[in-house]
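Undergrad: Take this structure first; my questions come after.
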Amino acid sequence: MITLKGAEVSVKIKEQVQEILAGHDGPAPKLAIVRVGENPDDMSYERGAMKKMEAFGLRVQSYVFPADMEDGAFKEAFKAINEDEDVNGILLLRPLPKQICEKDIENMIDPRKDLDGISPANIAKVFAGDTEGFAPCTAEAVIEVLKANEIPISGKKVTIVGRSMVVGKPLSMLMLKENATVTICHTRTADLPCECRQAEILVAAAGRAKMLNGDYVGQDAIVIDVGINVDENGKLCGDVDFDTITDKASMATPVPGGVGAVTTAVLAKHLARTIR
Ligand code: NAD
């Protein structure tokens with residue numbers, strides 16, 4: 001089984017970012033990362049995103065607000081960032097604390113700065129197959145992993161486990177755009193192992209540590225693991241029980257070191273695209 005490394009895909013995306021920025025005068029585009037509270041997962045993602053922007057020659061600034069911030073005060077602060085001409089793109093770390101209405105922020109964010117595809121305008125573009133907008137970075141990262149490794153998608157049977165608005169649903173639309181035949185599985189899927197075994201490309205995005213073992217993988221399938229979980233020993237792991245699939249899968253992404261590294265590279269590419 002070949003391990004598909006995210007770092008190698010990230011290097012290719014960096015080249016694309018440099019191409020987009022070639023000949024661009026003035027300061028590099030700037031990303032605003034907006035965080036409310038001190039959630040360790042958010043802080044870890046923020047550190048990774050900041051490192052990536054800097055490595056790609058892009059500007060980045062963190063905007064951190066207290067976890068108990070009132071809805072009105074947060075909206076005012078967010079509006080200022082949204083309207084700041086020096087800010088080219090925004091990454092909002094979610095979920096927000098429950099006193100803040102996330103829907104309102106999704107409606108408020110300028111679609112041209114909405115690098116992670118949370119606004120209705122960008123979601124509509126993803127569902128219409130229009131590539132001018134911004135798709136959610138993680139969903140697009142899955143496509144990038146396949147393309148960077150020259151894995152054909154057109155005509156392939158793709159099964160996605162998970163139907164969230166962050167990964168499963170937008171990814172199913174991106175896969176359709178690539179002419180895959182897509183099956184979406186979720187908690188009510190009747191026979192999940194059977195559905196998964198049909199897949200030529202299996203994408204795990206359920207958020208359940210090591211849930212998919214070798215019984216879920218068809219012979220020579222390609223397995224892309226989006227999950228980021230912590231196992232019983234406190235170690236980072238994916239949704240796939242990696243050691244159990246090595247005799248079945250032909251290729252698979254590891255966790256850590258797989259899709260996660262590509263997600264922040266896609267975010268950087270989206271930021272670079274804001275100068276067009
Ligand atoms: P979510 O909890 O919003 O959605 C999970 C989906 O999986 C749901 O649609 C649910 O129906 C399905 N699901 C859950 N348990 C299932 C089961 N036992 N059988 C079948 N389906 C099941 O999660 P999300 O935000 O979509 O994230 C999914 C995973 O991806 C998480 O581990 C998250 O940490 C990870 N993630 C990774 C990145 C990255 O950059 N690699 C980015 C975002 C999310």
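Undergrad: Here's a check for you: in the stretch 156-185, which residue that is near the ligand (Cβ under 8 Å from one of its atoms) and under 17 Å from the mean Cα position of the chain (by Cα) is surrounded by the most Cβ atoms within 10 Å (Cβ to Cβ)?
TA: VAL161
Undergrad: Let me ask something else. Considering each residue of the stretch 238-272, count those that are among the basic types (Lys, Arg) and under 14 Å from GLU144 (Cβ atoms), and give that number.
TA: Final tally of qualifying residues: 1.
Undergrad: Further question on the same structure: When the stretch 235-256 is examined, which residues are found to be assigned to a loop (DSSP other than H, G, I, E, B) and either within 11 Å of the ligand (Cβ to nearest atom) or of a type in the set (Val, Ile, Thr) (or both)?
TA: GLY238, ASP239, ILE245, THR246, THR253, VAL255, PRO256
Undergrad: Any residue at all in the stretch 190-204 that's modelled with pLDDT of 95 or more, within 13 Å of the ligand (Cβ to nearest atom) and under 30 Å from ILE33 (Cβ atoms)?
TA: Among the residues of the stretch 190-204, at least one is modelled with pLDDT of 95 or more, within 13 Å of the ligand (Cβ to nearest atom) and under 30 Å from ILE33 (Cβ atoms), which makes the answer yes.
Undergrad: How do the strands (runs of 3 or more DSSP E) wholly within the stretch 131-229 filter down when requiring 2 or more residues that are of a type in the set (Ser, Thr, Tyr): which remain?
TA: Answer list for the stretch 131-229: 181-185.
Undergrad: Could you check, for the stretch 1-15, whether at least one of its residues is over 30 Å from ILE245 (Cβ atoms) and either surrounded by 20 or more Cβ atoms within 10 Å (Cβ to Cβ) or modelled with pLDDT under 95 (or both)?
TA: no
Undergrad: One residue is enough: does the stretch 69-89 have a residue meeting the conditions touching a Pro at 6+ places or on another chain (Cβ under 9 Å), assigned to a loop (DSSP other than H, G, I, E, B) and farther than 30 Å from VAL11 by Cα?
TA: yes
Undergrad: Ok, one more. Against the conditions (1) within 19 Å of the chain's Cα centre (by Cα); (2) part of a strand (DSSP E or B); (3) surrounded by fewer than 20 Cβ atoms within 10 Å (Cβ to Cβ), where does ALA124 fall short? Just the number, please.
TA: Of the numbered conditions (1) within 19 Å of the chain's Cα centre (by Cα); (2) part of a strand (DSSP E or B); (3) surrounded by fewer than 20 Cβ atoms within 10 Å (Cβ to Cβ), the odd one out for ALA124 is (2).
Undergrad: Please determine, by comparing only the residues of the stretch 101-121 that are farther than 22 Å from ALA73 by Cα and of a type outside the set (Lys, Arg), which one is surrounded by the fewest Cβ atoms within 10 Å (Cβ to Cβ).
TA: Per the criteria, the residue is PRO120.
Undergrad: Looking only at residues that are more than 18 Å from the chain's Cα centre (by Cα) and loosely packed, with under 14 Cβ neighbours inside 10 Å in the stretch 74-100, which one is farthest from LEU267 (Cα to Cα)?
TA: GLN99
The values are calculated or read from the model by the stated rules, or taken from the named source; none is laboratory data. What you see is a predicted model; the values in this text were computed from it and never measured. With ideal geometry, Cβ positions are generated from the backbone for all residues, glycine too; neighbour counts draw on all protein chains shown.
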